[in-house]
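Nothing in this text is a laboratory measurement; each read-out follows from the coordinates by a stated rule. Model, not experiment: these values are computed from the prediction. Using ideal geometry, Cβ is built from the backbone for each residue, glycine included, and neighbour counts are taken over all protein chains shown.
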Amino acid sequence: MSPGVIVLTITLLLALQPITTDLYLPSLPTLQRELGASLGATQMTLSALIICFGIGQLVCGPLSDRFGRRPVLLGGMALYTVASVLASASQSIETLIGWRALQGAALAAAVTCGRALVRDLFMPHEGARVMSRALGGLGVVGMLAPLTGGLLVHFVSWHAALLSTAVFGAATLAFIACKFEETLPRRNAHATEPAELLRNWSVVLGHPTFRAWALLLCCTWGGLFFVLAGSSFVFINMRGTSRIGYGLILASCSLAYIVGTLICRKLLLTHGLRGSAKRGACFSLGGGLSMAGLSLVGVDTVWALVLPQLLYAVGHGVLQPCAQAGVVGPFPDKAGTAASLSGFAMMLTAFAIGLFLGHTLDHSALPVTLGVGAFSVVLAVVAWTLVQRDGDPAGAWRAPVMPEPAR
C-alpha cells in the first residue's frame, strides 16, 4: 500500500468512532421525546454502545493477531453496516439500545485494527507522526459529523441521522475490500488460546510503558467523553442552543482538535513522545480548570463552556496521537492485544462516565464541567510524572523498517 492509502485507511477506521457517537448526539433530546424515554435510558443508547465497544476490542485484538487485520476488518465492517441500518429503523428505546450495542461490538474491529496496523508498519516515534496525520483527518470527520447530524435531525429525523452511519460504514467496507492489504508481519496461531491470551494480557498489562500511556489515554478521553455524553443536554436543554448551533459548537471543537494534531507533529520533531505529552497536558489542564472554575463562580453562558472546551480539545489533539503510539510501541508481536486492552480501558472509563451523568445530569451543567476539570488535573499529573519516567524505557522501541509516509 502507498503511504497515502495507509493514512487514509487509518483515518477511515478511526473516524468510525466519532461518526458513531458525535453524529447522533444532536438527536438525543429528540429521540428521548419521540420514544418517550427517560434521560437514563437515552444515555444508555450511548453507554451500551461504549461498553460493547470495549468488550469487543478484547475479542477483536487477539483475533486480528491470529488471523490478520484484513479478515477481521471485513467481518466487523459488514456487521457494523447491518447493525446501523437496523438501529435507524428502531421504534422503541429498548430496540435502539440493543442495535447500538451490536454496532459498538462491530466498531471494535475497525478501531482495534486501525491502531494495531500503525505498529505493524512504523516505529513508535514515526507512528505517532502518522497517527497525528490520520487523527487530523479524523478531526475533519469529527467536525462535520455533529453538524451533519444536527441538520439531519432538524430537517428530516433522528432515524436519518442514524442511517447516515450505515452509509459511512458501507463506504469504509468497500474501501477496505478494494484497497487494504494485510499488514500483520506474522500471524500468531496461538493468540486466541486461553493460556496464550492470559499470558499476553499479563505481559502487556505488566509493562510500565503501557500502563503510563494507557492511563494518559484514559484520562484525556475521559475529559472529552464528559463533553460528548453531556453537552447536548447542557447546550440544547439548559442553554437553549439550537440543534444546528450545537452541531457548530462540536464542529469548532473538532477544528481545535485538528490544530492540536498539527501542534503535535511539530512537538514530536523537537521533543519526542514524552516531551510532546508534557506540553500537550498544559492545554488540557488550562481548558479543564477554566471550565470548572467559571461554572463554580456562576458564569453559565454558552461561551464560558465553549472556549475552555476548545482549549481542552487542542490538548487532546496533542496527547492522543502520542498515547495511541505509546501503548502499542513495546509490542511489535502483540500490537492487536495491546490496542484492545488500552481501548477496553478507555471504554470502561466512558461507561462509568455515562452512568454517572445519567444519574446526576439534571438542571445543572456542574456534573459535566467539574468532570472535565477533574480529568484534566489527573491527566496533567500522569503526563508530568508516569509518562516522563516510564514512557520511553531503553530498548522498548524496536520495530521493522518501513517506508516513510508521504509528507
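Starting from the exponent 0.38 and prefactor 2.2 Å, build the expected Rg for segment 147-204 from its residue count and divide its actual Cα Rg by it.
1.93
Excluding same-chain residues fewer than 8 positions from residue 266, which lysines have a Cα within less than 18 Å of its Cα?
278
Sort the chain into rounded, prolate or oblate with this rule: let a ≥ b ≥ c be the square roots of the eigenvalues of the Cα gyration tensor; rounded if a/c is under 1.5, and if a/c is not under 1.5, prolate when a/b is larger than b/c, oblate otherwise.
Oblate, since a/c reaches 1.5 and b/c is not below a/b.
Quick one: what are the phi-derived ³J(HN,Hα) couplings along segment 207-214, Karplus 6.51/-1.76/1.60 with θ = phi - 60°, whole Hz, x for glycine and proline?
7, x, 5, 4, 4, 5, 6, 5
Pulled fully out, how much extra length does the chain show between residue 362 and residue 92, if you take 0.36 nm times their separation in residues and subtract their Cα-Cα distance?
94.9 nm
Taking the Cβ of residue 388 as the centre, find all other residues whose Cβ is under 13 Å away and add up their charges (Lys, Arg: +1; Asp, Glu: -1).
+2
If Rh is defined by the Kirkwood formula over all Cα pairs and Rg also comes from Cα, what ratio Rg/Rh do you get for segment 245-366?
1.03
Which log10 I(q)/I(0) values, to two decimals, does segment 182-333 give at q = 0.08, 0.11, 0.14, 0.22 Å⁻¹ under the Debye formula with one point per Cα?
Scattering profile of segment 182-333, log10 relative to I(0): -0.32, -0.55, -0.78, -1.30.
Could you tell me the largest-minus-smallest coordinate of the C-alpha atoms of segment 1-143 on each of the three principal axes, in descending order and whole angstroms?
51, 32, 21
Can you compute 3J(HN,Hα) from phi for each residue in segment 174-183, using the Karplus curve 6.51 cos²θ - 1.76 cosθ + 1.60 with θ = phi - 60°, rounded to whole Hz and x for Gly and Pro?
5, 5, 4, 5, 8, 10, 7, 10, 4, 10
Considering only C-alpha atoms, what is the centroid distance from segment 292-348 to segment 140-219, in Å?
With segment 292-348 and segment 140-219 each reduced to a Cα centre, they are spaced 15 Å.
What does the charge count around residue 59 come to, taking other residues whose C-beta lies under 13 Å from its C-beta (Lys +1, Arg +1, Asp -1, Glu -1)?
Summing Lys/Arg as +1 and Asp/Glu as -1 gives 0.
How large is the convex hull of the Cα atoms of segment 4-57 per residue, expressed in Å³ as a whole number? The partial results should precede the final answer.
Details: hull volume 4.1 nm³, N = 54.
Looking at segment 4-57, the number lands at 75 Å³ per residue.
Report the calculated FRET efficiency for residue 151 and residue 1 (r = Cβ-Cβ distance, R0 = 30 Å), to the nearest 0.05.
0.30
Which ³J(HN,Hα) values in Hz, rounded to whole numbers, follow from the phi angles of segment 189-203 under the Karplus curve 6.51 cos²θ - 1.76 cosθ + 1.60, where θ = phi - 60° and Gly and Pro get x?
5, 9, 4, 9, 6, x, 5, 5, 4, 5, 5, 5, 4, 5, 5
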